[in-house]
Ligand code: PAZ
């Protein structure tokens, strides 16, 4: 670390396979665009310790569903952390708690899909979400202690809980829900890279539904302070690098036959559709779902190469607690049907 807690560095060590000892940032940048190439990123960073376990579970799940001829969706959900120190005390995070991903997983299961739910650790999970992240009621408030030492569900909530529990058990017993987690941006990138290649054997039967809020900026490992950044030197200045553009190789190399659905989040309405269209042109995938930060639970725009449509909840539906994902998923299933039949989006 420099005296002023300023993280500004000029060189990276080379990957282990390299013959030289160091190289400049510019040499590692992708076509002069100022962004590190994903393959360079993977060669310069250590994979997460639980990657072999992740791969083993996912391979078994995909094999099982491939034999049954089932469709599988890989959902990414929640935010990634960006550590500020190697022995991490502090990190940068974002707002996402995984509502979109966890809710979508339930509707995909209802539509008959097997779901790989790759989520930020401790963020919302399908079915559990109804009880773990309720702002007005904590988990123990659903339960009643009995004199015989047992516990029952408060009758007020039992009917609804029974319905959710039935669906949850159905998903578990039919082995159609696999929960895998990540925490850091690096975890996420390694697992997406490896996971999408495992799913690739399903070809068109796989959907990649990328709802996670992935950081656009990070501090490369080589630039990280090893120990906790000290406050004695006063203000801290951070310089963050751009995250490798992983959607490009995902579309063209890792998962080239699957239906790839990315999300675009904006806060300025004017930017939403143009930026979503730019992403489609740049990466060549099939669908971008555009959403605004403040209205993301009520309205989304489905954007495809030569068409787009808005899906919204009416005020009445909102009042009744209808979820926008109950419209997004059937729409995507329709697109996926068409994709499997024709190789085009509907
Ligand atoms: O997790 P959540 O339900 O609160 O938010 C969902 C979301 C807005 C993160 C998602 O719909 C999304 O847009 N993800 C991609 C964000 C982006 O990187 O643009």
Legend entry - the stretch 257-282 residues that are near the ligand (Cβ under 9 Å from one of its atoms), paired with ones that are at pLDDT 95 or above and assigned to a helix (DSSP H, G or I) (beta carbon under 7 Å, 6 or more apart): 262/247; 262/279; 264/272; 264/275; 264/276; 264/279; 266/272; 266/275
Inset, instruction - Please give the number of the condition residue 335 fails out of (1) touching a residue at least 40 places away in the same chain (Cβ under 8 Å); (2) in a helix (DSSP H, G or I); (3) closer than 25 Å to residue 191 by Cα. - result: (3)
Inset, instruction - Starting from the stretch 200-217, take each residue that is closer than 28 Å to residue 296 by Cβ and more than 16 Å from the ligand (Cβ to nearest atom) and list its partners that are at pLDDT 95 or above and in a strand (DSSP E or B), counting only C-beta distances under 6 angstrom and pairs at least six apart or across chains. - result: 206/72
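Which is farther than 30 Å from residue 342 by Cβ, away from the ligand (no atom under 16 Å from the Cβ) and modelled with pLDDT of 95 or more, of 169, 193, 128? Break it down stepwise before answering.
Values: 193 fails: farther than 30 Å from residue 342 by Cβ; 128 fails: away from the ligand (no atom under 16 Å from the Cβ).
That would be 169, the only listed residue that is farther than 30 Å from residue 342 by Cβ, away from the ligand (no atom under 16 Å from the Cβ) and modelled with pLDDT of 95 or more.
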Legend entry - Failed criterion for residue 115 (all others in (1) part of a strand (DSSP E or B); (2) within 29 Å of residue 327 (Cβ to Cβ); (3) out of contact with any helix residue (DSSP H, G or I) (no Cβ under 7 Å at 6 or more places or on another chain) hold): (3)
Inset, instruction - Run residue 345 past the list (1) in a helix (DSSP H, G or I); (2) surrounded by 15 or more Cβ atoms within 10 Å (Cβ to Cβ); (3) away from the ligand (no atom under 16 Å from the Cβ) and report the number of the one that doesn't hold. - result: (1)
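Starting from residues that are without any contact (Cβ under 8 Å) to a residue 40 or more places away in the chain and under 20 Å from the mean Cα position of the chain (by Cα), keep the ones in the stretch 299-326 and report whichever is nearest to the ligand (Cβ to nearest atom).
Applying the first criterion (without any contact (Cβ under 8 Å) to a residue 40 or more places away in the chain) to the stretch 299-326 yields 299-303, 306-322, 324.
After this cut, where a residue has to be under 20 Å from the mean Cα position of the chain (by Cα) as well, the list is 299-303, 324.
Numbers: 299: 12, 300: 8, 301: 11, 302: 13, 303: 12, 324: 10 Å.
Across the stretch 299-326, the extreme among qualifying residues is 300.
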Legend entry - Flag for residue 127 being in contact with a helix residue (DSSP H, G or I) (Cβ under 7 Å, 6 or more places away or on another chain), more than 25 Å from residue 194 (Cβ to Cβ) and not in a loop (DSSP other than H, G, I, E, B): no
Inset, instruction - Check 58, 109 and return the single one that is assigned to a helix (DSSP H, G or I), more than 16 Å from the ligand (Cβ to nearest atom), touching a helix residue (DSSP H, G or I) at 6+ places or on another chain (Cβ under 8 Å) and within 19 Å of residue 329 (Cα to Cα). - result: 109
Inset, instruction - Scan the stretch 223-250 residue by residue and report those that are more than 23 Å from residue 335 (Cα to Cα), surrounded by 15 or more Cβ atoms within 10 Å (Cβ to Cβ) and in contact with a helix residue (DSSP H, G or I) (Cβ under 9 Å, 6 or more places away or on another chain). - result: 241, 243, 244, 245, 246
Inset, instruction - Could you check, for the stretch 185-203, whether at least one of its residues is part of a loop (DSSP other than H, G, I, E, B) and crowded, with 19+ Cβ neighbours inside 10 Å? - result: no
Inset, instruction - Could you grab the pairs with beta carbons closer than 7 Å, sequence gap of 6+ or different chains, first residue in the stretch 83-106 and on the phi > 0 side of the Ramachandran plot and near the ligand (Cβ under 8 Å from one of its atoms), second one at pLDDT 95 or above and assigned to a strand (DSSP E or B)? - result: 98/77; 98/119; 98/120
Inset, instruction - Evaluate the stretch 112-120: report whether one residue or more is within 16 Å of the ligand (Cβ to nearest atom), more than 20 Å from residue 331 (Cβ to Cβ) and at pLDDT below 95. - result: no
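Residues checked against (1) crowded, with 21+ Cβ neighbours inside 10 Å; (2) more than 11 Å from the chain's Cα centre (by Cα):
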site	(1), (2)
93	no, yes
104	yes, yes
109	yes, yes
117	yes, no
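The values are calculated or read from the model by the stated rules, or taken from the named source; none is laboratory data. Predicted, not measured: the structure shown is a model, and the values here were computed from it. Quick reminder, even Gly has a Cβ in these numbers, built from the backbone with ideal geometry, and neighbours come from all protein chains shown.
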